[in-house]
1. Could you tell me whether any residue of region 35-43 is within 15 Å of ligand 2 (Cβ to nearest atom), surrounded by 20 or more Cβ atoms within 10 Å (Cβ to Cβ), at pLDDT 95 or above and in a strand (DSSP E or B)?
2. In region 152-169, what count of residues is obtained for those that are in a loop (DSSP other than H, G, I, E, B) and without any contact (Cβ under 8 Å) to a residue 24 or more places away in the chain?
3. What's the total number of residues in region 260-312 that are hydrophobic (A, V, I, L, M, F, W, C) and either more than 14 Å from Val331 (Cα to Cα) or touching a Pro at 6+ places or on another chain (Cβ under 9 Å) (or both)?
4. In region 83-127, which residues are touching a Pro at 6+ places or on another chain (Cβ under 6 Å) and either under 30 Å from Asp238 (Cα atoms) or among the charged types (D, E, K, R) (or both)?
5. Could you please let me know if Leu322 is assigned to a loop (DSSP other than H, G, I, E, B) and either within 22 Å of Lys253 (Cα to Cα) or within 36 Å of the chain's Cα centre (by Cα) (or both)?
6. Those residues that are within 14 Å of ligand 1 (Cβ to nearest atom) and in a helix (DSSP H, G or I), I need them from region 44-88; list them, please.
7. Which one of the conditions (1) in contact with a Phe, Trp or Tyr (Cβ under 8 Å, 6 or more places away or on another chain); (2) under 19 Å from Gln158 (Cβ atoms) does Ser193 fail to meet, given that it meets all the rest?
8. Would you say Leu286 is in contact (Cβ under 8 Å) with a residue 24 or more places away in the chain, farther than 30 Å from Ile180 by Cα, surrounded by 19 or more Cβ atoms within 10 Å (Cβ to Cβ) and hydrophobic (A, V, I, L, M, F, W, C)?
Amino acid sequence: MKIHEHQAKSLLRDFGVAVPGGDVADTPAGARAIAQRLGGKVVVKAQVHAGGRGKAGGIKLADDPAGAEAAARQILGMRLKTPQTPPEGILVRTVMVEEASAIDRELYLSITLDRGRSTHVVMASQAGGMEIEEVAERTPEKIFREWTHPALGLGDFQARRLAFGLGLTGDRLKQGVALIRGLFALYLARDCSLVEINPLVVTKDGRVLALDAKLNFDDNALYRHPAVVALRDVHEEDPLDVEASKYSLNYIKLDGNVGCMVNGAGLAMATMDIVKLAGGEPANFLDVGGGASPEQIENAFRILSSDPSVKAVFINVFGGILRVDRLAEGVIAAVRTLGLTLPVVLRAEGTNVELGKKMLAESGLALTMADDMADGARKAVAFAKGARA
Ligand code: GDP
Ligand code: MN
């Protein structure tokens, strides 16, 4: 799960990480009031779940409250298009108004999970304000990394080594070390999957501040962070993803046109592989779960069929906890209520498979039965390409 910059900054504040003063507004007048309160120059920043806002016109400096109001009027309601947004952009509904910082240096700092090493990694670089992927590709020697100890966490010596790597000295070094430690404490305590500060800045008056803040959370740990869940902004998420999460379906949209409905993550992976092997492209990853109910099947079907890129549906299930007759019940109900016209190919094995197939055959639905996974994939791909299977 992702959150907005202003939400991330308020979490940072809770953990003693220095951020510029500011607040969030959804009207130009509101932005003006915040600027008035802050006094002096401010920055007005579009709040969307995507980076690259600066270059896309989503961040503006203003000299006074009137300027802040004008900037907010321009930014609010715009569709911000950056390399990190969908091609159609994201509608800006709120802006953050923040005291402007006089920047001396822009640095980079992030924390994430290093799966290869099975622990967290803190990364720092003096090349702040630019895409870290670019830095990693062109000048990898400019990135410093410290891997944390699974039990001891981030050592003070590691925080210092990173701060030295950032070229900080004297009082700035102290501030940098404190900031790195605060960030790591936040990352651990809130089960983040990513904390990225780009840029971390040193101001002309010698302060070390998080000027931007990106926080992602591990979805599997959200159950123990209701306060984090409350920060969710569904406007920023794909509507189909939001629907899927309502019914605890694991759904990930992909670029192809063969809709896949599968139970079990391993089988879902195998299904995508075999669709590709058959010369097709899966339109999604959808795991309805081992113990899906007929209602979940129906909802899964509704989500699949509301994706216009889906040209054929391949149902591939193993009836274990989910018996095949219950699956059939869900499929029949879904196709009836949705008036589905898409070709559907079914491959099923397991408990009550004969009964399930009989129910489907007698339902009068235009289903194509498959003998096995390969046969099902071949038929679904053929339908998606517009041919008869
Ligand atoms: P992003 O483009 O979405 O990553 O948004 P950032 O918050 O990282 O801002 C982009 C850039 O805008 C930063 O790298 C800075 O160069 C500039 N910027 C943001 N806030 C300030 C500020 O308070 N003062 C100055 N001078 N520049 C700022
Ligand atoms: Mn940034």
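1. Yes, region 35-43 contains a residue that is within 15 Å of ligand 2 (Cβ to nearest atom), surrounded by 20 or more Cβ atoms within 10 Å (Cβ to Cβ), at pLDDT 95 or above and in a strand (DSSP E or B).
2. 3
3. So the answer is 16.
4. Glu98, Glu99, Glu106
5. For Leu322, the condition - assigned to a loop (DSSP other than H, G, I, E, B) and either within 22 Å of Lys253 (Cα to Cα) or within 36 Å of the chain's Cα centre (by Cα) (or both) - is met.
6. Gly67, Ala68, Ala71, Ile75
7. (2)
8. So Leu286 passes the test.
The values are calculated or read from the model by the stated rules, or taken from the named source; none is laboratory data. All values reported here derive from a predicted model rather than from experimental measurement. Note that we place each Cβ from the backbone using ideal geometry, even for glycine, and neighbour counts take in every protein chain shown.
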